[in-house]
1. Against the condition at negative phi, part of a loop (DSSP other than H, G, I, E, B) and open to solvent by less than 70 Å² (accessible area, probe 1.4 Å), how does residue 17 come out, does it pass?
2. Applying the selection to the range 1-14, what residues are in contact (Cβ under 8 Å) with a residue 12 or more places away in the chain, open to solvent by less than 100 Å² (accessible area, probe 1.4 Å) and within 30 Å of residue 91 (Cβ to Cβ)?
3. Which count do you get for residues in the range 40-65 that are under 30 Å from residue 26 (Cα atoms), surrounded by fewer than 10 Cβ atoms within 10 Å (Cβ to Cβ) and among the hydroxyl-bearing types (Ser, Thr, Tyr)?
4. Restricting to the range 32-50, and then to whatever is in a helix (DSSP H, G or I) and among the aliphatic types (A, V, I, L, M), can you tell me which residue is farthest from residue 17 (Cα to Cα)?
5. Which numbered condition trips up residue 53, out of (1) assigned to a helix (DSSP H, G or I); (2) closer than 29 Å to residue 6 by Cβ?
6. Tally time: how many residues in the range 20-37 are surrounded by 11 or more Cβ atoms within 10 Å (Cβ to Cβ) and of a type in the set (D, E, K, R)?
7. With the condition kept exactly as written, say whether any residue in the range 23-43 is modelled with pLDDT under 90, under 26 Å from residue 91 (Cα atoms) and of a type in the set (Val, Ile, Thr).
8. Looking only at the range 66-79, count how many residues are modelled with pLDDT of 95 or more and open to solvent by 100 Å² or more (accessible area, probe 1.4 Å).
Amino acid sequence: DELDETTCVWDSHVIRPSKNDRVPSGRPKVMYMFPELYTTEDCVSPVEGADAQLCRSNCTFRPAVPCDTDIYNICNLLMMESQLNLPADSYQALDLYLDLRNTIRSSL
């Protein structure tokens, strides 16, 4: 949600004209979508499916469970027992982390 909000804010502002005549000005999203309006070129390069698959096979993706599976399961149980919700922002995430950490440490 925060990233979407940041994108909306970023795309709603206007890049001011510069003394450098090689630097275009305007709304970022419009500049990206219609480069020909700003006498620039679209630098997107098409990629073959085989090349994209090769890149995927050489990448290490994050697992669905972000930590040790046992700790993850314990945290989910504690959240259900305490009726805690998933955080909506980074501050709530920190509060949840501290609460779960203290609860786990006190039960050791």
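1. Criteria not met by residue 17.
2. Within the range 1-14, the first condition is being in contact (Cβ under 8 Å) with a residue 12 or more places away in the chain, and the residues that meet it are 1-2, 10-14.
Retained after the next criterion (residues that are open to solvent by less than 100 Å² (accessible area, probe 1.4 Å)): 2, 11-14.
Hits for the range 1-14 are 2, 11, 12, 13.
3. 1
4. Initially, the range 32-50 is screened for residues in a helix (DSSP H, G or I), giving 32-33, 35-38, 49-50.
Applying the additional criterion that residues be among the aliphatic types (A, V, I, L, M) yields 33, 37, 50.
Numbers: 33: 19, 37: 15, 50: 41 Å.
Here the residue is 50.
5. (2)
6. 2
7. No, there is no match, as no residue in the range 23-43 is modelled with pLDDT under 90, under 26 Å from residue 91 (Cα atoms) and of a type in the set (Val, Ile, Thr).
8. Residues that pass the stated criteria total 0.
The values are calculated or read from the model by the stated rules, or taken from the named source; none is laboratory data. Bear in mind the structure is a predicted one, so any value in this text is a computation, not a measurement. Note: ideal-geometry Cβ built from the backbone for every residue, glycine included; neighbour counts use all protein chains shown. Side chains included, ligands, DNA and RNA excluded: accessible areas come from the protein's heavy atoms. Shrake-Rupley method; radii C 1.70, N 1.55, O 1.52, S 1.80 Å.
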